[in-house]
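Shown next, in structure tokens, is the structure this report addresses.
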Amino acid sequence: MVEILQHLFALDISWFVQEFGTAIYIVLFLVIFIETGLVAFPFLPGDSLLFTAGLFCKSGQLELLLLLPLLFIAAVLGDNVNYWVGRTVGLNVFTYSFRGKPLVKKAYLDKTSLFFEKHGTKAIIMARFVPFVRTFAPFAAGVAAMKYRTFVLFDLLGGALWIGSMLLAGYILGEVTWIREHVDLMAIAIVLLSVSPLLFAFLKKRFGSAS
């Protein structure tokens, strides 16, 4: 398991293709499902993994037309599981612990709640592109008892935009030799771009309150 996680965070898709063959599609499905569906795993790579998968589609090691619907289903299914966990279990999830440490940090939910207050229901779409918030947005929607029909509508649209844009970005930019040869640097750049809204909000709050 440790070895799998190491290769996952290194975005070493070549290793997964070599080790798992066509089961790589199941692996990618599970990663996207877990990151969006389980509030205890907001740290899994999402944006960078999708972008890298798009690059490998361009090289012919993965099938884009298979990944697009497959990972869209994983993202929507994960969000729906997360929504209903929030709707049924609610804030009790923060009482669970593992080896004396909270299984889920409430601070992430607090940040997500502020995100909802600022952006309203469209936060369901926008959250898809923000790490950590992406994982907690459907849970927060469930806790707040958002009307399910509204949640599903925005979630389907957000899932299509997220999966489609990230995979296609990797696929299109896969034609650039420098990007193909520097996947690690591109992954770092994507992570930095993804967390920039959170960083900007933190700095604004920090220096705004100081003044």
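Within the stretch 130-145, restricting attention to residues that are free of Cβ contacts under 8 Å to residues at least 60 places away in the same chain and surrounded by fewer than 22 Cβ atoms within 10 Å (Cβ to Cβ), which residue is nearest to residue 88 (Cα to Cα)? Restricting to residues being free of Cβ contacts under 8 Å to residues at least 60 places away in the same chain and surrounded by fewer than 22 Cβ atoms within 10 Å (Cβ to Cβ), the top hit is 143. Looking at residue 38, is it farther than 21 Å from residue 164 by Cα, in contact with a helix residue (DSSP H, G or I) (Cβ under 9 Å, 6 or more places away or on another chain) and at pLDDT 85 or above? Yes. Checking each residue in the stretch 168-180 for being surrounded by 14 or more Cβ atoms within 10 Å (Cβ to Cβ) and either modelled with pLDDT of 95 or more or assigned to a loop (DSSP other than H, G, I, E, B) (or both) picks out only 174.
Listed by position, the helices (runs of 4 or more DSSP H) inside the stretch 25-129 whose residues that are surrounded by fewer than 14 Cβ atoms within 10 Å (Cβ to Cβ) number at least 2 are 64-88, 106-119. Within the stretch 106-129, the set of residues being touching a residue at least 12 places away in the same chain (Cβ under 8 Å) and closer than 20 Å to residue 44 by Cα comprises 106, 108, 109, 111, 112, 124, 125, 126, 127, 128, 129. Selection of the stretch 4-19 for residues being out of contact with any Phe, Trp or Tyr (no Cβ under 6 Å at 6 or more places or on another chain), touching a residue at least 40 places away in the same chain (Cβ under 8 Å) and of a type in the set (Val, Ile, Thr) yields only 17.
In the stretch 61-88, the residues that are touching a residue at least 12 places away in the same chain (Cβ under 8 Å) reach residues that are surrounded by fewer than 16 Cβ atoms within 10 Å (Cβ to Cβ) and of a type in the set (S, T, N, Q) with C-beta atoms within less than 9 angstrom, at least six apart or across chains, in these pairs: 61/14.
The values are calculated or read from the model by the stated rules, or taken from the named source; none is laboratory data. The structure displayed is predicted, hence computed values, not measured ones. Cβ: placed from backbone, ideal geometry, glycine included. Neighbour counts: every protein chain shown.
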